[in-house]
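Structure, as structure tokens:
The values are calculated or read from the model by the stated rules, or taken from the named source; none is laboratory data. Note that this is a predicted model, so its numbers are computed, not measured. Note that each Cβ is placed from the backbone with ideal geometry, even for glycine, and that neighbours are counted across all protein chains shown.
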Amino acid sequence: MRFRNLLKMAVLRLSHLTDFSYIDEVYDERKGCLSKRWILMIPGSGCQWAKEKKGGCYMCGFRHQLDHLKGKKEKQSKFMIRLAYHLGRYFADVGNEKPGLMLIYNGGSYFNNDEVPLIMQKWIFEKVVNKYPSIRNILVESRPEFIKAEKLEEMKSIMGRKCSLSVAIGLECQSDEIRKHSINKGFSKHDYNRAVELLKGFGVHVMTYVFLKPLMLTEREAIREAIATIKYAFAHKSDSVALQAAFIQEGTVMCRFYKDGKFSLPWLWSIIAVVRKCASFGPIHIGSFHDEPSPIAVPYNCSNCNDRAMELIAVYNKTHDVSVFDGLSCKCRKLWEKEVKKATPPRSGRLLSVL
């Protein structure tokens, strides 16, 4: 009976996720070509920062889902993570697909023992390295405070020379002021730099998340800040960047501003402009607009060119060739240019108004 209850609970937890395990193809900058990638979502206890009283990033919808995670014991967590792994490899047919890359999502920081028990962090790595020799790199996400030498030593010893490690960190903005007041990220640029230095010292590949258009920034400010942040990330030893444009999820601070008419999503033209400007800095991937919970609004141009722009973004992500955007034109571009050229009012008061 106890096992049945645990199984039922695990299935219910996984049912809140769509496509929790699948194979896709992504441009691998280390090989300069497309590679198959296994994406696996595991049911950890959730982002610790999102659970804190004044925590949680303003654009993240995870806090809205925390009721599904409350009261979960570590024993249940271990069982559900094991189940997610075994069901995930079956559903994705990993043995036959033979992916070269793996990305593990846990809705928070993989290296936080309170979110993913240490024994399970190591268990998944051991399983993957020993069972799937085709996987040459595993990518996980973590906030800087959980990136420590002892943890990296443990993980690297498990992986050996068979598989390399990548860690993604959400710097989001190079401006500490914007990151604090418009995103509520909860760490500083100094924290990011320390974590990157430590990761590079262990030979870990670093990916940096950059956020396009935090709250209270104009379109022009958002573009400039994203460009400055990408430049900063590569200058401080990040190996690659994932540019994530804002989208709207229910239950977020950003959603409240959006519904009140105080925030507008970035144009797809802005995403393209940032990538064009920064392509020479290093490998840049454009993040998707799919997440849990599902967004209610995403970046947009106009009904005439939107589908084509989205298609070209998908093509770019498989080639990292910015010339794919050369043929894209539409009358709405003039509206976007007008938006970008608008005068920018003083920012300090706007940022504090988020609170």
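Residues in segment 234-256 that are touching a Gly at 6+ places or on another chain (Cβ under 9 Å) and at positive phi: GLY251 alone.
Checked against the criterion of being surrounded by fewer than 16 Cβ atoms within 10 Å (Cβ to Cβ) and in contact with a helix residue (DSSP H, G or I) (Cβ under 9 Å, 6 or more places away or on another chain), the candidates ILE104, ILE119 yield just one match: ILE119. When every residue of segment 174-183 is checked against the conditions, at least one turns out to be surrounded by fewer than 17 Cβ atoms within 10 Å (Cβ to Cβ), touching a Lys or Arg at 6+ places or on another chain (Cβ under 8 Å) and without any contact (Cβ under 8 Å) to a residue 60 or more places away in the chain. Considering segment 136-173, and only residues there that are hydroxyl-bearing (Ser, Thr, Tyr) and not in a helix (DSSP H, G or I), the residue that is surrounded by the fewest Cβ atoms within 10 Å (Cβ to Cβ) turns out to be SER164. The C-beta contact set for segment 104-117 (first residue of a type in the set (D, E, K, R), second residue surrounded by 22 or more Cβ atoms within 10 Å (Cβ to Cβ), distance under 6 angstrom, 6+ apart or interchain) comprises GLU115/GLY44; GLU115/SER45; GLU115/GLY108; GLU115/SER109.
Among the residues of segment 196-222, those identified as aliphatic (A, V, I, L, M) and touching a residue at least 60 places away in the same chain (Cβ under 8 Å) are MET207, LEU212, LEU215, MET216, LEU217. Determine whether VAL253 is over 30 Å from ASP24 (Cα atoms), out of contact with any Leu (no Cβ under 6 Å at 6 or more places or on another chain) and touching a residue at least 40 places away in the same chain (Cβ under 8 Å). Considered against the rule, which asks whether it is over 30 Å from ASP24 (Cα atoms), out of contact with any Leu (no Cβ under 6 Å at 6 or more places or on another chain) and touching a residue at least 40 places away in the same chain (Cβ under 8 Å), VAL253 comes out as yes.
Determine whether SER353 is surrounded by 10 or more Cβ atoms within 10 Å (Cβ to Cβ), at pLDDT below 95, of a type in the set (S, T, N, Q) and within 27 Å of the chain's Cα centre (by Cα). Yes; evaluated as a whole, the condition is true for this residue.
Consider only pairs whose beta carbons are under 9 Å apart and that are at least six residues apart or on different chains; among these, list those whose first residue lies in segment 143-170 and is aromatic (Phe, Trp, Tyr) and whose second residue is crowded, with 16+ Cβ neighbours inside 10 Å and in a loop (DSSP other than H, G, I, E, B). So the pair list comes out as PHE146/SER109; PHE146/TYR110; PHE146/PHE111; PHE146/ASN112; PHE146/GLU115. Taken together, GLU292, GLU225 contain a single residue that is of a type in the set (D, E, K, R), touching a residue at least 40 places away in the same chain (Cβ under 8 Å), under 29 Å from LEU165 (Cα atoms) and crowded, with 22+ Cβ neighbours inside 10 Å, which is GLU225. Determine whether segment 236-248 contains at least one residue that is over 23 Å from ARG179 (Cβ atoms) and hydroxyl-bearing (Ser, Thr, Tyr). No, that holds for no residue.
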